[in-house]
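Presented below is the structure to which this report refers.
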Amino acid sequence: MLQDTVHTQIVAAMKAHEEVKLSTLKLLSSALAYEKIAKQHDLTEDEELVVVKKEAKKRKDSIEAYQNAGRQELADREKQELVILQEYLPQELGDEEIEKLVTQALQETGATSMADMGKVIGLVMQKSKGQADGAKVSALIKQKLS
């Protein structure tokens with residue numbers, strides 16, 4: 001389970017005095033614990049990945065907000081946290097692989113207009129098992145349906 005791995009890494013980060021890694025892992029552990037309480041059962045691997053993705057998305061949003069506000073030192077810390085969180089995520093698919101999935105999904109759904117975009121995105125995300133960036137998929141589908 002990811003929770004056990006995170007706990008082990010927290011202990012290692014404490015011993016190594018890695019402040020950023022320690023705080024990031026504690027936040028991740030807390031988020032996993034909250035999700036476990038909310039679901040009222042032990043989390044599956046997919047549910048754990050959803051939590052990690054949520055935390056990574058928070059960091060990406062914070063990086064953008066801090067950069068827009070001219071707070072580069074805070075953006076840099078968020079980038080460090082994002083790198084740590086990405087260690088727990090599966091490798092993202094490349095642009096070519098995403099394009100193949102989008103092409104297949106367009107053929108399978110018979111999508112011809114922007115009204116069909118939701119069906120196509122759903123199918124691509126299901127086939128990619130969370131390894132495709134939603135923004136890239138959406139942009140590619142818009143491009144192909146336009």
Modelled FRET efficiency - R0 35 Å, Thr112 with Thr8, Cβ distances, 0.05 increments: 0.10
Stretch Glu73-Asp42 to full length: gain in nm at 0.36 nm per residue minus the Cα-Cα span? 7.5 nm
Do the sum for the chain: with -39,500 (n - 2.57) for every DSSP H run of n ≥ 4, divided by all residues, what is the mean residue ellipticity at 222 nm, to the nearest 500 deg cm²/dmol? -26000 deg cm²/dmol
Stokes-Einstein translational diffusion, the range 1-78 - Kirkwood Rh over all Cα pairs, 0.890 mPa s, 25 °C, in µm²/s: 180
In the P(r) worked out for the range 15-56, what percent of Cα pairs fall beyond 11 Å? 65
Chymotrypsin sites (Phe, Trp or Tyr not before Pro) within the range 1-97: which are DSSP loop residues with at most 12 other Cβ atoms inside 10 Å? none
Angle in degrees between helix 45-68 and the longest Cα principal axis of the chain, rounded to the nearest 10: 90
Any idea what the relative contact order of the chain is, in percent, if you count C-alpha pairs under 8 Å spaced at least 6 apart? 17
Going through the range 16-91, which GluC sites (Glu not before Pro) have at most 14 other Cβ atoms within 10 Å and a DSSP loop state? Glu87
Using only the alpha-carbon atoms, how far is helix 72-86 inclined from the longest principal axis of the chain? Give it as 0 to 90 degrees, nearest 10. 80
To the nearest 20 debye, the range 5-146 has a Cα-centred charge dipole, built from +1 on Lys and Arg Cβ and -1 on Asp and Glu Cβ, of 280
On the accessible surface of the range 33-146, probed at 1.4 Å with all protein chains in place, carbon and sulfur together account for a percent value of 50
Calculate how steeply helix 117-128 sits against the longest principal axis of the alpha-carbon atoms of the chain, using the helix alpha-carbon long axis, and give the answer as 0 to 90 degrees to the nearest 10. 50
Measure of size requested: the Rg and Dmax of the chain, with Cα atoms as the atom set and Å as the unit; please supply both. 18.2, 57
If a/c stays under 1.5 just call it rounded; otherwise compare a/b with b/c (prolate if a/b is bigger, oblate if not). Do that for the range 84-142, with a ≥ b ≥ c from the square roots of the Cα gyration tensor eigenvalues. prolate
Cα principal axis extents for the range 59-117, largest first, Å: 47, 26, 15
With DSSP loop assignment and no more than 15 other C-beta atoms within 10 Å, the trypsin sites (Lys or Arg not before Pro) in the range 20-73 are Arg71
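The values are calculated or read from the model by the stated rules, or taken from the named source; none is laboratory data. Keep in mind it's a predicted model, so treat the numbers as computed, not measured. Virtual Cβ from ideal backbone geometry, glycine too; neighbours counted across all protein chains shown. Remember, those area values only see protein heavy atoms, side chains included, never the ligands or the DNA or RNA. Shrake-Rupley method; radii C 1.70, N 1.55, O 1.52, S 1.80 Å.
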